[in-house]
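Undergrad: Sharing a structure with you now.
The values are calculated or read from the model by the stated rules, or taken from the named source; none is laboratory data. Being a predicted model, the structure only gives us computed values, none of them experimental. Cβ coordinates were reconstructed from backbone atoms using ideal geometry, including for glycine residues, and neighbour counts include every protein chain displayed. We work out accessible area using only protein heavy atoms, side chains counted, and drop any ligands, DNA or RNA first. Shrake-Rupley method; radii C 1.70, N 1.55, O 1.52, S 1.80 Å.
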Amino acid sequence: MDNFAKVVELRLSPKRFKHTLGVVEIAEKLAHANGVCVEKARVAALLHDYARELSPETLKGLAREAKLDDQFSLNQPELLHASVGAFLVQRELGVTDSEILDAIISHTVGRRKMNTLEQIIYLADMIEPNRNYAGVQELRVAAGQNLKIGVVAALDHTIRYLLNINKPIHLHTIDARNYFLMGGD
Ligand code: DGI
Ligand code: FE
Ligand code: FE
């Protein structure tokens, strides 16, 4: 964990590293409250934005190498940092834990049937203490009720935000919202 922290600190800007430590802090709390291995949550949180500061060209190149076939994300390379991050931590850091890799993959757009660790990283990424966008406080309140309520509120917020700024919405995000609203856990 401490080694990973150093590696991540060297890859990210100070601001993004601070964000990452905020995600670690919240992910640990959520893991503790939801019966998930706290150490696993720490590692997933620490590595979630591993590929966040790579250029769109680099992300696209690595996506090709990793044989990622998500056309939506290939067209919006910013979204590729999630799956490419999972590919790189496997290759460069030797991370093999599929739960950690899945949590990194789904942290940006979500997916239906997200397991508890995936939900924790998805939500922690949106509500960590350094986030200050309009509406974040409501998400923190929802998260304080329980994990699922927090995740649905976070998915709703993202969908509303993307509608407001006229951006396409990844089907995984809609799918995740429908799944949890219809009783999935
Ligand atoms: O990496 P972070 O900045 O910490 O956060 P993130 O991994 O959630 O990425 C946030 C970016 O992803 C933000 O600019 C909005 C964008 N995003 C998330 N879901 C979608 C999306 N963009 C589009 N076009 N469609 C989505 O469904
Ligand atoms: Fe991210
Ligand atoms: Fe993040």
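Undergrad: Exactly one condition in (1) more than 10 Å from ligand 1 (Cβ to nearest atom); (2) crowded, with 21+ Cβ neighbours inside 10 Å; (3) part of a helix (DSSP H, G or I) is false for TYR179; which is it?
TA: (2)
Undergrad: OK, next. I need a count of the residues in region 147-173 that are open to solvent by 60 Å² or more (accessible area, probe 1.4 Å), more than 16 Å from ligand 2 (Cβ to nearest atom) and part of a helix (DSSP H, G or I).
TA: So the count comes out to 6.
Undergrad: Here is a check on your reading of the model: is ALA51 touching a helix residue (DSSP H, G or I) at 6+ places or on another chain (Cβ under 7 Å) and either more than 21 Å from GLU28 (Cβ to Cβ) or among the polar types (S, T, N, Q) (or both)?
TA: Yes; evaluated as a whole, the condition is true for this residue.
For every residue, the table says whether it meets (1) touching a Ser or Thr at 6+ places or on another chain (Cβ under 6 Å); (2) of a type in the set (Lys, Arg); (3) assigned to a helix (DSSP H, G or I).
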{"site": "GLU99", "(1), (2), (3)": "no, no, yes"}
{"site": "ALA103", "(1), (2), (3)": "no, no, yes"}
{"site": "HIS107", "(1), (2), (3)": "no, no, no"}
{"site": "LYS113", "(1), (2), (3)": "no, yes, no"}
{"site": "LEU117", "(1), (2), (3)": "no, no, yes"}
{"site": "ILE121", "(1), (2), (3)": "no, no, yes"}
{"site": "MET126", "(1), (2), (3)": "no, no, yes"}
{"site": "ALA134", "(1), (2), (3)": "no, no, no"}
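Undergrad: Out of the residues in region 42-77 that are among the aliphatic types (A, V, I, L, M), in a loop (DSSP other than H, G, I, E, B) and away from ligand 1 (no atom under 12 Å from the Cβ), state the one that is nearest to PRO168 (Cα to Cα).
TA: That would be LEU68.
Undergrad: Those residues that are within 13 Å of ligand 1 (Cβ to nearest atom), touching a residue at least 12 places away in the same chain (Cβ under 8 Å) and open to solvent by less than 30 Å² (accessible area, probe 1.4 Å), I need them from region 124-146; list them, please.
TA: If the condition is that a residue be within 13 Å of ligand 1 (Cβ to nearest atom), touching a residue at least 12 places away in the same chain (Cβ under 8 Å) and open to solvent by less than 30 Å² (accessible area, probe 1.4 Å), then ALA124, ASP125, MET126, ILE127, GLU128, LEU139 are the ones that fit.
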